[in-house]
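Contents: one structure, followed by commentary.
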Amino acid sequence: MRGSEHRRPGREHTTIMTRTRGPALTVDAIWIDRGRILLVRRGRSPFRGRWALPGGFVERDETVEAAVARELHEETGLRARPRAIVGVYSGPHRDPRGPTTTVAFLMTGRADAPTGGDDATTAAWVPLAEAHGLAFDHDDIVRDARKWSGRRFKKRSTSGTGRSTPGCEPGGSR
């Protein structure tokens with residue numbers, strides 16, 4: 001949002017917020033379990049028929065954490081919760097439909113058999129070594145998630161606050 005200043009006679013200075021058009025907000029779920037990663041085969045354009053991470057658009061009045069859990073369930077039938085943020089990916093050409101920014105979450109839960117749903121024709125646990133040539137920039141996201149794979153998540157202290165924050169590093173922003 002961008003503020004524009006307006007002065008009215010006899011009134012205090014006010015700032016009115018106007019909405020600017022920016023990238024759409026999306027989420028992606030990375031769930032790695034015993035050397036396998038959960039992927040979906042896209043049923044729609046773009047990248048119809050290609051493997052991708054489960055994910056999608058964040059709805060109005062929805063947190064990114066709720067959105068990633070919802071999208072994962074809609075596309076795979078599985079329930080999981082976000083464990084950590086792998087990274088924020090915002091390359092201007094990451095989605096051919098237009099600019100998007102995604103928050104990629106490492107997920108944790110009970111790794112049951114998935115079923116494709118919503119805009120995913122298939123969902124499957126795929127050997128991590130075979131997870132390449134994915135839709136969008138998901139190869140980059142998986143590469144960053146592999147840095148997390150097998151690590152213990154240690155709480156890191158934020159500088160000077162004394163509060164603990166889960167480490168959300170290796171992917172960072174793109």
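Residues in region 53-77 near a label at residue 112, defined as backbone nitrogen under 14 Å from the 7 Å Cα→Cβ point? Counting backbone N atoms under 14 Å from the label point, the list is 73-77. Taking amide H as placed 1.01 Å from N in the peptide plane, the amide H of residue 58 sits under 5 Å from that of 25, 26, 27, each at least 5 places away or on another chain.
Computed from phi, the 3J(HN,Hα) profile of region 121-135 under the Karplus parametrisation 6.51, -1.76, 1.60 (θ = phi - 60°) reads 6, 9, 9, 7, 7, 10, x, 3, 5, 9, 8, 8, x, 7, 5 Hz, with x in place of Gly and Pro. Among 41, 97, the sequence by solvent-accessible area, most first, with a 1.4 Å probe is 97, 41.
Just in region 42-76: which GluC sites (Glu not before Pro) are loop by DSSP and have at most 15 other Cβ atoms within 10 Å?
59, 62
Scalar couplings 3J(HN,Hα) for region 56-66, obtained by applying the Karplus form with A = 6.51, B = -1.76, C = 1.60 to θ = phi - 60°, are x, 7, 7, 7, 4, 6, 10, 6, 5, 5, 5 Hz; x denotes Gly and Pro.
Between the amide H of residue 77 and those of 115, distances stay under 5 Å, these residues lying 5 or more places away or on another chain, with hydrogens modeled in the peptide plane. Heavy-atom accessible area with a 1.4 Å probe sorts 93, 138, largest first, into 93, 138. Of the residues 123, 73, 84, the one whose Cα sits farthest toward the positive end of the charge dipole of region 66-133, with +1 on the Cβ of Lys and Arg and -1 on the Cβ of Asp and Glu, is 84. If R0 is taken as 35 Å, the Cβ-Cβ distance between residue 130 and residue 65 corresponds to a FRET efficiency of 0.75.
The values are calculated or read from the model by the stated rules, or taken from the named source; none is laboratory data. Quick caveat, the model's predicted, so the values are computed rather than measured. Note that we place each Cβ from the backbone using ideal geometry, even for glycine, and neighbour counts take in every protein chain shown. For the accessible areas, the whole protein counts, side chains as well, though only heavy atoms, and no ligand, DNA or RNA atoms are used. Shrake-Rupley method; radii C 1.70, N 1.55, O 1.52, S 1.80 Å.
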